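Comments concern the structure below.
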Amino acid sequence: MEIRVILRGALAGFIAGILGFVFARIFAEPYIDKAIDYESGRDAAITAIDKAQGVAVSLDGPEIFSRSIQSTVGMATGIIAFSTAMGALVAVTYLVLHGRFGVRPRTLGLLIAGFGFLGVYLLPFVKYPANPPAIGHTFTIATRGHLYLTMVAGSLILLGLSVVLGRRLTRRFGVFHATLLSAGALLVLFCALMAVLPSLGNLHANVVQSSATGYARAATETPQPITNPAGQLVYPGFDADVLWKFRFYSIINQLIIWSVIGLIFSNLLERVVGTAPNPDRVPRQTVNP
């Protein structure tokens with residue numbers, strides 16, 4: 001039965017990935033294009049300034065994949081592979097937990113998907129929000145990845161601890177008050193976790209100087225305006241409207257993926273295990289001779 005449950009989770013994730021790709025292709029991709037155009041214009045401006053100062057400019061390497069490939073096959077592969085893996089993970093989590101809660105398999109499947117959305121994406125997003133691929137310093141990619149994975153692990157651990165705490169408090173305070181207390185504890189610990197982990201803008205010095213020209217570039221998470229020593233604008237900062245719209249559509253995209261995983265998996269699940277709260281504990285029916 002375990003393999004059948006996992007395959008249904010992977011199938012739910014695959015379908016969710018297709019829907020997520022369609023949504024991202026229609027709504028998020030235009031803002032990715034704007035971010036790439038901005039990065040190209042910014043690099044061209046810095047290169048022109050360096051050439052005017054008589055400084056040798058390093059050439060970019062060859063483009064391995066064209067933009068059309070990245071925005072179609074590349075995006076589809078990434079989103080569908082991620083969603084399929086998350087669907088299988090939801091199924092594995094169900095197999096671990098299904099005998100511990102007195103709820104229907106469908107309800108438990110939806111709850112697991114909801115907690116997955118919170119722990120894998122939404123809570124880490126609060127500390128380290130998504131950026132368009134072209135935005136952000138290339139020399140912080142590895143550090144950003146490690147910090148984000150740390151935030152994901154911490155969020156999942158805190159969510160699990162809040163569930164354990166809520167179950168223990170239920171016996172004494174009831175479901176409603178136990179839920180409030182465990183949610184409050186989760187909020188306090190989550191804020192502490194965010195305070196401990198560094199912000200992306202603090203990974204480097206506040207100001208980085210162009211090695212060629214001396215034009216100031218702020219080392220924040222997103223590119224700031226480039227100005228010369230006299231304070232004159234050389235190139236504008238990244239458009240805040242493009243940034244927040246990309247982040248907004250990123251949240252909606254993940255919400256679609258995890259919602260579809262939960263809805264499809266929970267319905268396919270009950271066709272395998274039935275509707276009993278704890279399938280493994282339900283006695284088999286016997287037929288009288």
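Counting residues in region 120-129 that are at pLDDT 85 or above and within 19 Å of I15 (Cβ to Cβ) gives one or more.
Considering region 196-222, and only residues there that are at pLDDT 80 or above and closer than 30 Å to F23 by Cβ, the residue that is surrounded by the fewest Cβ atoms within 10 Å (Cβ to Cβ) turns out to be S199. Only one entry in R8, R42 is surrounded by 19 or more Cβ atoms within 10 Å (Cβ to Cβ), in contact (Cβ under 8 Å) with a residue 60 or more places away in the chain and under 13 Å from I135 (Cβ atoms), namely R42. For the residues F101, F82, F27, the requirement of being surrounded by 14 or more Cβ atoms within 10 Å (Cβ to Cβ) and in a loop (DSSP other than H, G, I, E, B) singles out F101. Exactly one residue out of R106, R144 is in a helix (DSSP H, G or I), touching a residue at least 60 places away in the same chain (Cβ under 8 Å), of a type in the set (D, E, K, R) and under 30 Å from F14 (Cα atoms): that is R106. Within region 254-278, the only residue that satisfies the criterion of being crowded, with 20+ Cβ neighbours inside 10 Å, under 21 Å from A76 (Cβ atoms) and not hydrophobic (A, V, I, L, M, F, W, C) is Q254. For region 53-68, the condition holds for no residue, the condition being that it is in a helix (DSSP H, G or I), surrounded by 14 or more Cβ atoms within 10 Å (Cβ to Cβ) and not polar (S, T, N, Q).
Confirm whether S259 is at pLDDT 85 or above and either in contact with a Phe, Trp or Tyr (Cβ under 7 Å, 6 or more places away or on another chain) or of a type outside the set (D, E, K, R) (or both). So S259 passes the test.
Exactly one residue out of I6, I46 is over 14 Å from I257 (Cα atoms), in contact with a strand residue (DSSP E or B) (Cβ under 8 Å, 6 or more places away or on another chain) and among the β-branched types (V, I, T), and it is I46. All told, G87 falls short of being free of Cβ contacts under 8 Å to residues at least 24 places away in the same chain, closer than 28 Å to P132 by Cα and surrounded by 14 or more Cβ atoms within 10 Å (Cβ to Cβ).
Within region 14-22, one or more residues are free of Cβ contacts under 8 Å to residues at least 12 places away in the same chain, part of a helix (DSSP H, G or I) and either touching an Asp or Glu at 6+ places or on another chain (Cβ under 8 Å) or surrounded by fewer than 18 Cβ atoms within 10 Å (Cβ to Cβ) (or both).
The values are calculated or read from the model by the stated rules, or taken from the named source; none is laboratory data. Quantities reported herein were computed from a predicted structural model and do not represent experimental measurements. Cβ: placed from backbone, ideal geometry, glycine included. Neighbour counts: every protein chain shown.
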